[in-house]
Amino acid sequence: MIVFGDSMKDLVSVIVPVYNIEKYLEKCVNSIVNQTYKNIEILLIDDGSTDKSKDLCDQYGKLTKRVKVFHKVNGGLSDARNYGLKNANGKYVLFIDGDDWVNTADFDKLLGKLEEENSDISKSYSRVSHEDEESLEMLFFHLLLTIFHVYCLLFHYIYSLAFHFLHKTI
């Protein structure tokens with residue numbers, strides 16, 4: 001476990017958009033709940049699922065106070081993430097897709113790197129490991145998705161800086 005400064009005390013909000021992923025949700029949520037970094041809140045944003053995903057979210061919400069469940073009308077991935085941001089309380093925010101999972105020390109590593117580099121933003125790279133479909137097309141899709149996420153994070157960071165700058169000058 002990597003421990004730097006006070007970052008081990010900071011609340012981390014983990015936003016998980018959920019839409020018809022009942023097959024993967026248990027593995028995803030368990031990988032977050034079992035992190036070595038424990039000061040987390042998990043926001044499961046059910047984006048209008050029509051399968052058992054919404055019921056699974058409710059079950060997790062009853063198991064631990066760290067899981068907060070929100071049900072909303074389907075608006076897509078970005079809308080679900082933005083909904084999560086509006087309800088997040090953490091100093092840091094992590095986005096994890098509901099059909100993905102993380103290793104148990106990943107949050108410690110990300111927070112440690114943030115503090116080590118004195119950075120405001122971090123991006124974790126992932127390996128593609130889908131049991132049903134392992135293909136070149138899937139790899140390419142995930143590469144494009146990762147690039148898109150980086151651009152979104154940079155845009156959000158620049159927008160936040162501009163907003164704070166303009167807010168101070170008005």
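The values are calculated or read from the model by the stated rules, or taken from the named source; none is laboratory data. Given the structure is predicted, the values throughout are model-derived calculations rather than measurements. Counting neighbours? That spans all protein chains shown, and the Cβs are built from the backbone with ideal geometry, glycine included. Side chains are part of the model used for accessible areas, which takes the heavy atoms of the whole protein and leaves out ligands, DNA and RNA. Shrake-Rupley method; radii C 1.70, N 1.55, O 1.52, S 1.80 Å.
Number of residues in the range 44-53 that are within 12 Å of Glu22 (Cβ to Cβ) and either in contact (Cβ under 8 Å) with a residue 60 or more places away in the chain or surrounded by 21 or more Cβ atoms within 10 Å (Cβ to Cβ) (or both) equals 2.
For the range 14-70, taking the residues that are among the small types (Gly, Ala, Ser) and part of a helix (DSSP H, G or I), the one that is farthest from Lys109 (Cα to Cα) is identified as Ser53. Among the residues making up the range 73-83, those that are assigned to a loop (DSSP other than H, G, I, E, B) and open to solvent by 70 Å² or more (accessible area, probe 1.4 Å) are Val73, Asn74. Let me spell it out: the conditions are (1) modelled with pLDDT under 70; (2) in a helix (DSSP H, G or I); (3) within 29 Å of Lys72 (Cα to Cα), and Leu153 meets all of them except one. Which number is the exception? That leaves (1) as the condition not met. Taking the conditions exactly as written (charged (D, E, K, R), part of a loop (DSSP other than H, G, I, E, B), touching a helix residue (DSSP H, G or I) at 6+ places or on another chain (Cβ under 6 Å) and farther than 13 Å from Val29 by Cβ), does Asp99 satisfy them or not? Against the criterion (charged (D, E, K, R), part of a loop (DSSP other than H, G, I, E, B), touching a helix residue (DSSP H, G or I) at 6+ places or on another chain (Cβ under 6 Å) and farther than 13 Å from Val29 by Cβ), Asp99 does not qualify. Are any residues in the range 22-61 touching a strand residue (DSSP E or B) at 6+ places or on another chain (Cβ under 9 Å) and among the basic types (Lys, Arg), and if so, which ones? Matches in the range 22-61: Lys54 only. On the stretch given as the range 5-43, residues that are touching a helix residue (DSSP H, G or I) at 6+ places or on another chain (Cβ under 8 Å) and either open to solvent by 50 Å² or more (accessible area, probe 1.4 Å) or more than 17 Å from Lys68 (Cβ to Cβ) (or both) total 12.
I want to confirm something. Restricting to the range 84-133 and keeping residues that are β-branched (Val, Ile, Thr) and open to solvent by less than 40 Å² (accessible area, probe 1.4 Å), which single residue is modelled with the highest pLDDT? Only one residue tops the list, namely Ile96.
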